[in-house]
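This report refers to the structure that appears directly beneath it.
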Amino acid sequence: MQHIQGIARNQLQVSSLEDTISQDNPVRFIDAFVNSIDLEKIGFTPRVLKTEGRPSFDTKVFLKIY
């Protein structure tokens, strides 16, 4: 029977998403651009829809994904 072999638990692998993205990747430009603009000036205003439960994500995150 075949099973997926995982990584041994006694091995430590430390890496971050920042390390895996190259310096010339376009995602770095998008990140810097969205962080530099004032979203309220272009009509993105945060609204509180509910007072209970988990807070919503930052509007900039959704703009970066789009």
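Here are some notes:
- Here the range 21-31 is the region considered, the condition is being open to solvent by less than 100 Å² (accessible area, probe 1.4 Å) and in a helix (DSSP H, G or I), and the residue that is farthest from K60 (Cα to Cα) is P26.
- Residues located in the range 32-57, provided they are within 21 Å of the chain's Cα centre (by Cα), hydroxyl-bearing (S, T, Y) and either modelled with pLDDT under 90 or surrounded by 10 or more Cβ atoms within 10 Å (Cβ to Cβ) (or both): T45, S56
- Summed over the range 15-28, the residues that are within 13 Å of I65 (Cα to Cα) and either among the polar types (S, T, N, Q) or more than 12 Å from the chain's Cα centre (by Cα) (or both) give a count of 1.
- Pairs where the first residue, in the range 49-60, is closer than 21 Å to L39 by Cβ and the second is surrounded by 10 or more Cβ atoms within 10 Å (Cβ to Cβ) and among the charged types (D, E, K, R), C-beta under 9 Å, 6+ apart: none
- Test for E18: is it open to solvent by 100 Å² or more (accessible area, probe 1.4 Å), touching a Pro at 6+ places or on another chain (Cβ under 9 Å) and not polar (S, T, N, Q): no
The values are calculated or read from the model by the stated rules, or taken from the named source; none is laboratory data. None of the values given here were measured: they were computed from a predicted structure. Using ideal geometry, Cβ is built from the backbone for each residue, glycine included, and neighbour counts are taken over all protein chains shown. These area figures cover heavy atoms from the full protein model, side chains too; ligands, DNA and RNA do not enter into them. Shrake-Rupley method; radii C 1.70, N 1.55, O 1.52, S 1.80 Å.
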